[in-house]
């Protein structure tokens, strides 16, 4: 990609998979809007990494579950960094480990708001700016799903898995809706990934405990997920839309 690839918004871009995507995308020539909601220092650290490698990036706070903040995120990204041509819907929360019968209503509502409403709001704003029918130049959206959508995650986080099933449906439906607008929409469905999401949910040893269940015998590094995302964003995947790419070590 050239140095003029345009602007990529990565929601939840300050840590884990999102941070790996932001760093790799910058090396591919994108200007990066590193979205965060609470950890400003983590987002700024990603920005510094990008800038040290002569890339362009900006940390931008927005709670993706709030419409006005999402609209402002896209307006700021386009104003400060240039035309938005790509979105990675990465922001998400698990709601912690719990059997379904023990999940509090407030937890349900927050997980749905961030994982589903947030993804839909961001996708909507991306389409409004990318669509050739609306005067845009086209673009690409990659949603971060999860193998949990197919596995169900019983005894751990059915509530989270359910939201990732919604992400798969969003991917398929939106891909078909906006193909003629010059926008491709795909998803990456990671399996077990070695990030701090497990510790945040209450089980920091989960990657080690679950490794034996994976045919390849280990969890993924965030950078391995990022490679799949960047392929789907790239012209090399120009005939790929509506795909849900499992990056899960065979599980």
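Checked against (1) at pLDDT 95 or above; (2) crowded, with 22+ Cβ neighbours inside 10 Å; (3) farther than 20 Å from residue 13 by Cα, residue 157 meets all criteria but (1). Note on region 205-230: residues that are assigned to a helix (DSSP H, G or I) and either more than 23 Å from the chain's Cα centre (by Cα) or free of Cβ contacts under 8 Å to residues at least 40 places away in the same chain (or both) amount to 9. Might you check whether a residue that is touching a strand residue (DSSP E or B) at 6+ places or on another chain (Cβ under 6 Å), at pLDDT below 95 and crowded, with 18+ Cβ neighbours inside 10 Å occurs anywhere in region 192-199? Yes, some residue in region 192-199 is touching a strand residue (DSSP E or B) at 6+ places or on another chain (Cβ under 6 Å), at pLDDT below 95 and crowded, with 18+ Cβ neighbours inside 10 Å. Taking the criterion of being buried (at least 17 other Cβ atoms within 10 Å of the Cβ), touching a helix residue (DSSP H, G or I) at 6+ places or on another chain (Cβ under 9 Å), under 21 Å from residue 24 (Cβ atoms) and modelled with pLDDT under 95, would at least one residue in region 209-219 satisfy it? Within region 209-219, one or more residues are buried (at least 17 other Cβ atoms within 10 Å of the Cβ), touching a helix residue (DSSP H, G or I) at 6+ places or on another chain (Cβ under 9 Å), under 21 Å from residue 24 (Cβ atoms) and modelled with pLDDT under 95. Within region 15-33, residues that are in contact (Cβ under 8 Å) with a residue 24 or more places away in the chain and on the phi > 0 side of the Ramachandran plot have Cβ atoms under 9 Å from residues that are assigned to a helix (DSSP H, G or I) and surrounded by fewer than 24 Cβ atoms within 10 Å (Cβ to Cβ) in these pairs: 16/197; 16/222, counting only partners at least 6 apart in sequence or on another chain. Look at region 164-191: where a residue is within 20 Å of residue 114 (Cβ to Cβ) and a partner is in a strand (DSSP E or B) and at pLDDT below 95, sitting 6+ places away or on another chain with Cβ atoms under 9 Å, you get 190/220.
Looking only at region 87-109, count how many residues are closer than 20 Å to residue 37 by Cα and surrounded by 15 or more Cβ atoms within 10 Å (Cβ to Cβ).
Step one: of region 87-109, the residues closer than 20 Å to residue 37 by Cα are 87-96, 106-109.
Imposing the further condition that a residue be surrounded by 15 or more Cβ atoms within 10 Å (Cβ to Cβ) reduces the set to 87-96, 107-108.
Selection size over region 87-109: 12.
Filtering region 235-251 for residues that are buried (at least 22 other Cβ atoms within 10 Å of the Cβ), closer than 24 Å to residue 136 by Cα and in contact with a strand residue (DSSP E or B) (Cβ under 8 Å, 6 or more places away or on another chain) leaves an empty set.
The values are calculated or read from the model by the stated rules, or taken from the named source; none is laboratory data. Since the structure is predicted, the reported quantities are computational estimates derived from the model, not experimental observations. No Cβ is skipped: glycine too gets one built from the backbone with ideal geometry, and neighbour counts run over all protein chains shown.
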